[in-house]
Amino acid sequence: MSNPHQQFSPAQAPGRSQAGAMGVSHTTLHSGDSAQVVRESSEHAEQSQGFLQQTAGQVKDMAHGAGTVVMNAAQGAGETVKNVAQGTGQTVMNLAHSATETVKNSLGAGDKSN
């Protein structure tokens, strides 16, 4: 380790200052490389974040669309079941009315002119 208070002769000073300047340049180059790596890493992180946000949005939209399809299918099935039940109920009421009329007619209750 060198002594910070060490005295140099004038003949040694130019070599020392040139070596010191080269060390500073070398350090500056490494600092510049590090800054570039940090910038590139930051850009990649931002791109990854954007990709993930876009993908999450697409997944959300697909799930929403699937939910809508299922809901519409269930509503359609419910309407079909309701219509079939109403039709069946109407048929049963018509049959019951016809059966009642048939019984009345066969018993003569339908003929009031007598």
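The values are calculated or read from the model by the stated rules, or taken from the named source; none is laboratory data. Nothing here was measured: the structure is a model prediction, and the numbers come from that model. Cβ coordinates were reconstructed from backbone atoms using ideal geometry, including for glycine residues, and neighbour counts include every protein chain displayed. These area figures cover heavy atoms from the full protein model, side chains too; ligands, DNA and RNA do not enter into them. Shrake-Rupley method; radii C 1.70, N 1.55, O 1.52, S 1.80 Å.
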Environment charge at residue 40 (Cβ cut-off 14 Å; Lys +1, Arg +1, Asp -1, Glu -1): -2
So what does residue 37 come to for accessible area, using a 1.4 Å probe and Å² rounded to 10? 80
So between residue 98 and residue 39, what do we pick up on full extension, going 0.36 nm a residue minus the alpha carbon distance? 12.5 nm
